[in-house]
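First the structure, in the form of structure tokens, and then the observations on it.
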Amino acid sequence: MEVRFREINPFSCWIWLRFLHPPGKGERGYVDTAFDSWFFLGKLGGFNAENLQAQEADGGEISWMAYDAELAETAQHALMHNMGPVEYQGEWARCWVDLGLSDAVALDVLINTFTQLSRELVEIDELVIGGINDDWPVEEQPEELLPFAGN
């Protein structure tokens, strides 16, 4: 699976998947679940690079690690704001997301997820983060999907 980045606006970012063939209902179910799960973790602040204590443990040793709850509490919140539905057209799927204040680790987790999904269950040829496809225009996101619109 090839991974490409285009211009990214974290508050209005399209994520594109190109499959080797149009995905069937079962394959779509896996993709939808991956996006939903990823977004749910982001909405709850799971992608906060300011608090990666286990990842940054000395020498990678986490047995009996002392977790600093105060550090976790004082870390700036890193919440995703919103996500639209996954849409399909032929060999393509796309999903709009407002990454909010979540850190780039969110994109690494998504890439890792789709890499494994492609190895095991759904043949994904390409994952494109950001930008738009010329052959599939995007409309402005409705205000009800934008949490701060009109405020």
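Derivation of every value follows stated rules applied to the coordinates shown; laboratory data play no part. Note that this is a predicted model, so its numbers are computed, not measured. So basically every Cβ, Gly included, is an ideal-geometry build from the backbone, and we count neighbours across all protein chains shown.
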Give region 13-52 a look and list any residue that's in a loop (DSSP other than H, G, I, E, B) and within 12 Å of the chain's Cα centre (by Cα), or say none.
-> G46, F47
Has region 96-110 got any residue that is more than 13 Å from the chain's Cα centre (by Cα), closer than 26 Å to I132 by Cβ and not hydroxyl-bearing (S, T, Y)?
-> no
Would you point out the residue of region 58-86, among those that are of a type in the set (A, V, I, L, M, F, W, C) and under 16 Å from V105 (Cβ atoms), that is surrounded by the fewest Cβ atoms within 10 Å (Cβ to Cβ)?
-> A72
Determine, yes or no, whether V128 is in contact (Cβ under 8 Å) with a residue 24 or more places away in the chain, buried (at least 18 other Cβ atoms within 10 Å of the Cβ) and touching a His at 6+ places or on another chain (Cβ under 9 Å).
-> no
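For D36, are the conditions met, namely being surrounded by 15 or more Cβ atoms within 10 Å (Cβ to Cβ) and charged (D, E, K, R)?
Numbers: surrounded by 15 or more Cβ atoms within 10 Å (Cβ to Cβ): no; charged (D, E, K, R): yes.
No, not satisfied.
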Kindly establish whether N133 is surrounded by fewer than 13 Cβ atoms within 10 Å (Cβ to Cβ) and either at positive phi or of a type in the set (S, T, N, Q) (or both).
-> no
How many residues, within region 86-131, are assigned to a loop (DSSP other than H, G, I, E, B) and either of a type in the set (D, E, K, R) or closer than 14 Å to W38 by Cβ (or both)?
-> 8
